[in-house]
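**Student:** This is the structure, below, for whatever I ask next.
FYI, it's all coordinate maths here, none of it is from the lab. Worth saying up front: this structure is predicted, and the values here are computed from it rather than measured. Note: ideal-geometry Cβ built from the backbone for every residue, glycine included; neighbour counts use all protein chains shown.
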Amino acid sequence: VTGANVTSVKVVCRSRYSLVANRSGDARLTNYSIGSTGALTGVDFETVQSALEPTVSETDAQTVATTPTLTHAFVAVDAGLSYDVAPYPNLFTTTPGHIRVYEVAANGQMTFASDVTVPNMAPNNLASDPMQILVHPGMNVSEDGANRRRVYVVDMSNHAGSGNESIHEYSFNYSLATLTRQGGVSVPTISGAEMDPLGEFIWATTYTAHAIVPLQISASTGALTPLAATVVGTQASEMFT
């Protein structure tokens with residue numbers, strides 16, 4: 001600093017929070033503050049189900065992920081399913097899978113911002129069920145590179161094993177708090193996925209093939225390219241990097 005005092009720096013202090021996606025009937029996103037002893041205290045909650053299908057209990061909040069700075073939360077809501085009459089001879093879809101975006105204030109209060117449908121990439125499948133969200137580690141409001149503002153959604157397509165599972169790619173707009181789908185790749189029988197800390201690869205585990213499928217993230221576009229799979233044993237279900 002040689003010319004004048006710096007006046008453009010903005011510091012926002014945030015407490016530590018733990019966001020929880022609650023499944024089943026209440027289908028809530030709950031935010032807890034983390035105390036010095038590790039104890040959790042409820043700060044705020046949002047009901048993620050009522051705006052989609054208030055009468056269908058099968059519409060669940062499956063998982064939650066946040067931006068690196070905890071300014072926004074992404075919640076995966078699975079497809080709403082219903083049965084016509086007892087003893088449930090026919091199962092049908094009432095709502096598709098969704099990703100809901102919430103703004104998170106410095107005091108932990110959450111506000112619904114936007115919602116996007118997760119499309120079913122396989123017409124012969126019952127529904128698209130987003131079950132996992134991966135946020136690019138380099139995603140930041142100051143980063144304008146196409147590869148940075150990326151959110152990847154793992155679609156189990158009504159349980160691993162149908163052969164029509166996939167990973168969807170979304171870009172995120174910080175100013176509007178909206179997700180825009182950019183594409184997706186098919187990863188049959190995917191059971192889970194993990195992104196490396198540098199944001200260069202996603203590794204997907206597959207149930208039937210008993211393998212790990214690497215997907216390279218394009219440094220210029222953020223698009224996914226599947227690479228050669230590695231067989232690791234029977235029924236690979238999860239990995240951690």
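**Student:** Within 10 Å, count the other beta carbons around each residue, average over each peptide in 221-227, 201-207, and list them highest first.
**Tutor:** 201-207, 221-227
**Student:** Name the residues whose placed amide hydrogens come within less than 5 Å of the amide hydrogen of GLN132, ignoring near sequence neighbours (fewer than 5 apart) on the same chain.
**Tutor:** VAL154
**Student:** Just add up the charged neighbours of GLU165: K/R +1, D/E -1, any other residue whose Cβ is under 14 Å from the Cβ of GLU165.
**Tutor:** Working: positive: none; negative: ASP78, ASP129, ASP155.
After counting each charged neighbour, the total is -3.
**Student:** In addition: Explain nothing, just compute: Karplus ³J(HN,Hα) = 6.51 cos²θ - 1.76 cosθ + 1.60, θ = phi - 60°, for every residue of the range 129-137 in order, whole Hz, x for Gly and Pro.
**Tutor:** With coefficients 6.51, -1.76 and 1.60, one gets 10, x, 10, 7, 10, 10, 9, 4, x Hz.
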